Each structure stands twice: as C-alpha cells, then as structure tokens.
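Below you'll find the structure, written out as structure tokens, and then a few comments.
The values are calculated or read from the model by the stated rules, or taken from the named source; none is laboratory data. The model shown is predicted, which means the values in this text are computed figures rather than measured ones. Cβ: placed from backbone, ideal geometry, glycine included. Neighbour counts: every protein chain shown.
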Amino acid sequence: MKAKIRHMLREQYGEFDTYLELEYEKQLLEHVSTDNHRGRVRAWLTYNQVILELKHNIKDSLKLRELQYRLTDNENPNKVCLEVLSELKELHPEIERLYYKIMNF
C-alpha cells in the first residue's frame, strides 16, 4: 500500500530529494497509509494539495519549505496551513478554495 501511495506522490510532486522533502513524504505516508480515521486522511491529502499548489502553480519555494518544515515539526497541521496561506500576497482561486476547506476541518 505504501509503495503505491509513494509512487502516486512522486508522480504529482516529483522526486523528494532534500532531507526536508523526504521527511515530509514520510510524514504524509504515515498519516495517509496507516490512519484509519477518514477525516484525517482527507485532511492530509488536502495539505498535500496546498504543497502541490505552492510548488507547481504559485512557485513560492520559501512558503513551500516553510509549510513542509512545519508539517513535519508536529505542529497543528490545520493551524500551520491556514497561517502559511494567510501570509501569501495573492490568494489564487484554488488556494482560496483549499483555505476555506481547511477552515472547515
């Protein structure tokens, strides 16, 4: 199961090369593959959508790294995502949608 999830993540994200990226991948895999609580799995998949938006569409590597670091640092993931997104200068429609989705978790 983890191998399939890892393969899908790498198709979307690209290679996890740095230590931070590998730690984020490990954290995401842990929550998505072993957590039986569907709400938390859905939440972590949403956080990953934010990561993908920051990486591919907004191309804000500083915010991307900040979010990855904070998500791997055992902080409250909802709070972390909302804080990072609220600091963006421009909320693109998809980021705004994700922001409000996270607010409703």
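With respect to Arg42, determine if the residue is out of contact with any Leu (no Cβ under 6 Å at 6 or more places or on another chain), among the charged types (D, E, K, R) and closer than 23 Å to Glu90 by Cα. So that I can check it myself, show each step before the final result.
On the way: out of contact with any Leu (no Cβ under 6 Å at 6 or more places or on another chain): yes; among the charged types (D, E, K, R): yes; closer than 23 Å to Glu90 by Cα: no.
Judged against the criteria, Arg42 is not a match.
Taking only region 41-51 into account, find how many residues are closer than 14 Å to Leu71 by Cα and in contact with a Phe, Trp or Tyr (Cβ under 9 Å, 6 or more places away or on another chain).
So the answer is 5.
Look at region 84-105 and say how many of its residues are touching a Leu at 6+ places or on another chain (Cβ under 9 Å) and either of a type in the set (Asp, Glu) or exposed (fewer than 11 other Cβ atoms within 10 Å of the Cβ) (or both). Spell out how you get there, then give the answer.
To start, the set of residues in region 84-105 that are touching a Leu at 6+ places or on another chain (Cβ under 9 Å) comprises 84-85, 88, 91, 95-96, 98-99, 102-103.
This time we only want the ones that are either of a type in the set (Asp, Glu) or exposed (fewer than 11 other Cβ atoms within 10 Å of the Cβ) (or both), so: 96.
Adding up the residues that qualify gives 1.
Working carefully through the options Val80, Val84, find the one that is part of a helix (DSSP H, G or I), under 17 Å from Asn48 (Cβ atoms) and in contact with an Asp or Glu (Cβ under 8 Å, 6 or more places away or on another chain).
On the way: Val80 fails: in contact with an Asp or Glu (Cβ under 8 Å, 6 or more places away or on another chain).
None of the other options fit; the residue is Val84.
Can you tell me which condition Asn48 does not meet? The list is (1) more than 18 Å from Leu82 (Cα to Cα); (2) of a type in the set (S, T, N, Q); (3) modelled with pLDDT of 85 or more, and all the others hold.
All conditions pass for Asn48, except number (1).
Go through (1) at pLDDT 85 or above; (2) under 22 Å from Ile95 (Cα atoms); (3) within 13 Å of the chain's Cα centre (by Cα) and name the single condition Leu62 misses.
(3)
Please enumerate the residues belonging to region 87-105 that are out of contact with any helix residue (DSSP H, G or I) (no Cβ under 6 Å at 6 or more places or on another chain), more than 19 Å from Leu20 (Cβ to Cβ) and not in a helix (DSSP H, G or I).
Leu88, Lys89, Glu90, Leu91, His92, Asn104 - these are the residues of region 87-105 that are out of contact with any helix residue (DSSP H, G or I) (no Cβ under 6 Å at 6 or more places or on another chain), more than 19 Å from Leu20 (Cβ to Cβ) and not in a helix (DSSP H, G or I).
Do we find that Thr72 is out of contact with any Ser or Thr (no Cβ under 8 Å at 6 or more places or on another chain), among the hydroxyl-bearing types (Ser, Thr, Tyr), surrounded by 14 or more Cβ atoms within 10 Å (Cβ to Cβ) and farther than 23 Å from Lys89 by Cβ in this structure?
Values: out of contact with any Ser or Thr (no Cβ under 8 Å at 6 or more places or on another chain): yes; among the hydroxyl-bearing types (Ser, Thr, Tyr): yes; surrounded by 14 or more Cβ atoms within 10 Å (Cβ to Cβ): yes; farther than 23 Å from Lys89 by Cβ: yes.
Taking the combined requirement at face value, the residue satisfies it.
Could you list, in sequence order, the residues of region 2-37 that are over 20 Å from Leu62 (Cα atoms), part of a helix (DSSP H, G or I) and not aliphatic (A, V, I, L, M)?
Pass one, region 2-37, residues over 20 Å from Leu62 (Cα atoms): 2-11, 26, 29-37.
Checking the rest, the ones that are also part of a helix (DSSP H, G or I) come to 2-11, 26, 29-34.
Answer for region 2-37, where residues must be over 20 Å from Leu62 (Cα atoms), part of a helix (DSSP H, G or I) and not aliphatic (A, V, I, L, M): Lys2, Lys4, Arg6, His7, Arg10, Glu11, Lys26, Glu30, His31, Ser33, Thr34.
Restricting attention to region 43-59, which residues are loosely packed, with under 14 Cβ neighbours inside 10 Å and more than 8 Å from the chain's Cα centre (by Cα)?
His56, Asn57, Lys59
How many residues does region 8-42 contain that are loosely packed, with under 14 Cβ neighbours inside 10 Å and hydroxyl-bearing (Ser, Thr, Tyr)?
Of the residues in region 8-42, 3 are loosely packed, with under 14 Cβ neighbours inside 10 Å and hydroxyl-bearing (Ser, Thr, Tyr).
Quick check on my filter: what residues within region 29-41 are free of Cβ contacts under 8 Å to residues at least 24 places away in the same chain and under 16 Å from Ile102 (Cα atoms)? Don't jump to the end; show me each part of the working.
Our first condition is that a residue be free of Cβ contacts under 8 Å to residues at least 24 places away in the same chain; within region 29-41, this holds for 30-31, 34-38, 40-41.
Correct list: Arg38, Arg40, Val41.
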